[in-house]
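What follows is one structure encoded as structure tokens, with my remarks underneath.
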Ligand SMILES: NC(=O)c1ccc[n+]([C@@H]2O[C@H](COP(=O)([O-])OP(=O)(O)OC[C@H]3O[C@@H](n4cnc5c(N)ncnc54)[C@H](OP(=O)(O)O)[C@@H]3O)[C@@H](O)[C@H]2O)c1
């Protein structure tokens, strides 16, 4: 199976590439602003806003499956239109598409947990763009997998961990919210689950998956766990309530992963479990 990782240079993409190379494969991967660091992949420059370049990359790689791990944030042309463009191309060429979506598609109001059957009700431009892309993927590519995920944590390198380190060290202003709840996932579990889904039969892969951990934590609680694991003093972390800031976006958004977990061999660990171990980069 030839797999193209779109967004292979990003945080999740780097782990997808690493796992493929460790398993003895040589994946094709794309970057936008800077090539990825792995020599084990074949790198292609791609801007999802450029339809001709997308066709060129697909012609060159001729993938049987594509994992879309890009993030264009709230940029509609990348996150919404780019996702739709890729879904159209995948449908025309009969390519299996695995599309990474986000818990930002949900408002966090009116329910405790969101399962895989829940439909988007986004509050932010980023959430709306992600919701638009995943809706197009589901309608245009009936055999596609939509994989919704939450805060992605690694071994010190995610944006969330870097923020905690900077706040604890006093090198950055800001605070961690005590009322902003998510279900973090470890990047290694997430990438392994995406590879498992990508390698499944098309009929098994055609679905919505919730690739999030089972533990719901506030960003402040998550920060305390990260600080402890990485040798920082959690007492130095500033806290605040996001509801006092007027910032838009869902406050309490919990992805229920139980139906997804029953389908997968890959275990999606909760943050309390994976953050109780010391970081490999600290040892
Ligand atoms: N990080 C989280 O906590 C989180 C939470 C929920 C959902 N997600 C979802 O998980 C996925 C991976 O997130 P991540 O944190 O790994 O993202 P990331 O580190 O920001 O990586 C984004 C990737 O998208 C590429 N990209 C950016 N603009 C592009 C464009 N115009 N055309 C083509 N590629 C472009 C980047 O390329 P360059 O680096 O070369 O510019 C990079 O490879 C995304 O779908 C995101 O929405 C992430």
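Please treat every number below as a calculation from the coordinates, not as lab data. All figures in this text were calculated on a predicted structure; none of them were measured in a lab. In this analysis, Cβ positions are derived from the backbone assuming ideal geometry, glycine residues included, and neighbour counts consider all displayed protein chains.
For the stretch 146-220 versus the stretch 49-100, the inter-centroid distance based on Cα atoms is 22 Å. Calculated FRET efficiency, residue 201 to residue 55, Cβ-Cβ distance, R0 = 35 Å: about 0.80 to the nearest 0.05.
Here the residues 102, 117, 218, ranked from fewest to most Cβ neighbours within 10 Å of their Cβ, fall in the order 117, 218, 102. Rounded to the nearest 10 degrees, the inclination of helix 219-229 to the longest alpha-carbon principal axis of the chain is 80 degrees. Once C-alpha pairs closer than 8 Å and six or more residues apart are averaged by separation and normalised to the residue number of the stretch 111-261, the relative contact order reads 37 percent.
Measuring nothing but how far apart in sequence close Cα pairs (under 8 Å, 6+ apart) lie, relative to its length, the chain scores a relative contact order of 19 percent. Full extension of the segment from residue 178 to residue 112, taken as 0.36 nm per residue of separation minus the current Cα-Cα distance, would add 22.1 nm. Shape verdict for the stretch 161-283, please, from the Cα gyration tensor: rounded (a/c under 1.5), prolate (a/b greater than b/c) or oblate. Note, shape of the stretch 161-283 comes out oblate.
Between the Cα long axis of helix 125-140 and the first principal axis of the chain there is an angle of about 30°, rounded to the nearest 10. Which of the three applies to the chain, rounded, prolate or oblate, going by the alpha-carbon gyration tensor with a ≥ b ≥ c and a/c under 1.5 meaning rounded? In terms of gyration-tensor shape, prolate. Relative to the longest principal axis of the Cα atoms of the chain, the long axis of helix 83-93 makes an angle of roughly 30 degrees.
Using the Cβ-Cβ distance between residue 37 and residue 236 with R0 set to 35 Å, the FRET efficiency works out to roughly 0.65.
For the stretch 206-268, what does the alpha-carbon gyration tensor say about shape, rounded, prolate or oblate, given a ≥ b ≥ c as the root eigenvalues, a/c under 1.5 as rounded, and a/b over b/c as prolate? Note, shape of the stretch 206-268 comes out oblate. The slack between residue 228 and residue 1, meaning 0.36 nm per residue of separation minus the straight C-alpha distance, is 77.6 nm. Using R0 = 45 Å, the C-beta based FRET efficiency linking residue 93 and residue 247 works out to 0.65. As a length-normalised measure over Cα pairs under 8 Å and 6 or more apart, the relative contact order of the stretch 24-107 settles at 24 percent.
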